[in-house]
Amino acid sequence: MKLFLRFCVFLALCAVLITTVGAQGMPKMSTVEPDLGKAGDHIIVKGENLSKKNVAEIYLTDGKNDLKLPIVEQAAEAIKFRIPPSAKAGRFALMILTSGPEPKLIEQPVKVTVE
């Protein structure tokens with residue numbers, strides 16, 4: 001019985017460790033400045049784990065249509081992008097494509113308004 005209890009504690013600790021390590025590399029955008037712009041304007045989004053190691057691409061999305069954004073500069077805590085001429089007016093969420101062997105599209109909790 002003691003062996004079983006130790007095994008259960010070991011499994012629980014492993015689960016916590018895996019969850020903690022996995023969450024450390026997850027990109028997250030927290031602020032965008034300015035949050036309003038037009039074609040050609042540069043926008044800076046700040047957050048954590050935003051380096052090329054974690055973020056391959058960034059998009060404007062309205063939930064149906066996605067527009068890939070040209071990245072001008074990229075670092076661990078910020079990405080600077082340009083609003084392309086093909087951007088339509090409206091309020092959009094930012095979405096990232098993660099880097100790595102299994103890329104995922106993840107909508108971020110920040111919005112940009114295009115004039």
Query - Those residues of segment 22-47 which are over 18 Å from Ala93 (Cβ atoms) and within 16 Å of the chain's Cα centre (by Cα), in sequence order - result: Gly22, Ala23, Gln24, Gly25
Report summary line: Of the residues in segment 35-65, those that are surrounded by 16 or more Cβ atoms within 10 Å (Cβ to Cβ) and outside any strand (DSSP E or B) come to Asn49, Leu50, Ser51, Asn54
**Report entry** segment 97-115, residues that are assigned to a strand (DSSP E or B) and within 20 Å of Gly40 (Cα to Cα)
**Finding:** Val110, Lys111, Val112, Thr113, Val114
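Throughout, read-outs are computed from the coordinates displayed, never taken from laboratory work. Remember, predicted model here, so these are calculated numbers, not experimental data. Note that each Cβ is placed from the backbone with ideal geometry, even for glycine, and that neighbours are counted across all protein chains shown.
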